[in-house]
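Below is one structure, written out as structure tokens, with a few remarks after it.
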Amino acid sequence: MAANRKKKRKQSATAVILKKIGSVAIVVLIAVLMTVLVLVGTIGLMLHKMVANESTKTLLISTLMESGQLKFVAHMVASDEEIQEIVEANAMQKMEVKQDASLITVEATENPEDVKDTGEVFDENGIRIEEISGRSFFAKMLIIKDPSQVCVASTYPWSQYGKELLDVVEGAGGVAGVNGGLYVSTGNAGGQPMGVVVQEGQITYNSPGGLAGLYVIGLNNDNILIVDEITGMNSKQFEDYVAEKGIRDAVAFQDEASDSNNHFVPLIINGEPRQLGGQGSGANPRTVIGQRKDGAILLLVTDGRGTAGHLGATASDLIAIMQDYDAVNAANLDGGSSSSMVYNGEYEMTSVTFYYQNSSWKLPDAFAVKPKGGN
């Protein structure tokens, strides 16, 4: 009997403790919910005040509609009709012009005496890195003197999960690089590319069908940067295209502006900048590849989405930068949280996502720079 009474007292004490814990948990939960509601309400008020200014509203909506996760915020402050109107007003004119390969003359690099002295200083691998500050972004530019050193690195054979940029680049023996083309970013698995991928002349991913505004971006066997639309091609047609054009390394990205998607590709073709409506886009982290007339490759990455208080770069900003660096041809690559850059074993530009702020999202492919004289 004594043992039973002791057991009941113990159970009763446990019940009291659990009840107290439950009460505390409820109080904490209510406090958290109220904090969230106040925060949401405050953000809502701030957004509505911001969009009272038409130019601010345009930039905000354009920026949000280019994000993968924050499109819903745009719908909090504007109707579907308003959003579509803003997207269309800040769209770009389609570039129908075909590239003129004769505008690029890749200089010989075997004999240093054959290379013109431009006053630039490159490291032992023929790479130069520069910092760029804009009104709403910070950026870094990799300049690679010899375009034959630039290739596509990847995690092929493909699996569900990709790798961080540094691992992808170093896995290919690279000493520098930036994120590459279109891929499935859901859940940050990052293992599946989209569109096409070509490596050393071999097609490692070939599914161009069904993707509006699809472009191939890469280098041919003459080390000329190719920016060419392949919308409507099937797998066999792309195989023939690669063989005919001599594509050695390439990825894909989309040029499509809509309520569900807002990507763009060509920025400069044959030295002519793309014609824009407004800023041409919202402000976001960006990754761009370009080529000068001497063949040097330009790899640009900008920050944004609040990093160091920066919103990001617009299409207008990207064109201006690439013009400043004498790009004959330039194309936008995948951006946003994917934008990142590595150089000599370290991250120069990292993901803007909080939990990957010192590295990068997982990626299936990247543009890598091989060491001078490397295979």
| request: Provide Rg and Dmax in Å for the range 298-375, with only Cα atoms included in the calculation. | output: 13.7, 41
| task | Using a 1.4 angstrom probe, figure out how much accessible area the range 158-233 has per residue, in square angstrom, rounded to the nearest whole. | result | 37 Å²
| field | Spin-label model distance (nm) - residue 326 vs residue 200, 7 Å beyond Cα toward Cβ | value | 3.3 nm
| query | In square angstrom, what is the accessible area per residue of the range 268-332 with a 1.4 angstrom probe? | reply | 28 Å²
| task | Return the loop-located trypsin sites (Lys or Arg not before Pro) in the range 121-185 (DSSP other than H, G, I, E, B) with at most 13 other Cβ atoms within 10 Å of their own Cβ; answer none if there are none. | result | 135
| remark: Of the accessible area of the range 161-262, computed with a 1.4 Å probe and all protein chains kept, carbon and sulfur make up a percent value of 44 percent
| message | What is the percent carbon and sulfur in the accessible area of the range 299-367, measuring with a 1.4 Å probe over the protein chains and ignoring ligands? | response | 46 percent
| task | Quote the convex hull volume per residue of the range 181-333, based on C-alpha atoms, as a whole number of Å³. | result | 127 Å³
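The values are calculated or read from the model by the stated rules, or taken from the named source; none is laboratory data. All values reported here derive from a predicted model rather than from experimental measurement. Note that we place each Cβ from the backbone using ideal geometry, even for glycine, and neighbour counts take in every protein chain shown. These area figures cover heavy atoms from the full protein model, side chains too; ligands, DNA and RNA do not enter into them. Shrake-Rupley method; radii C 1.70, N 1.55, O 1.52, S 1.80 Å.
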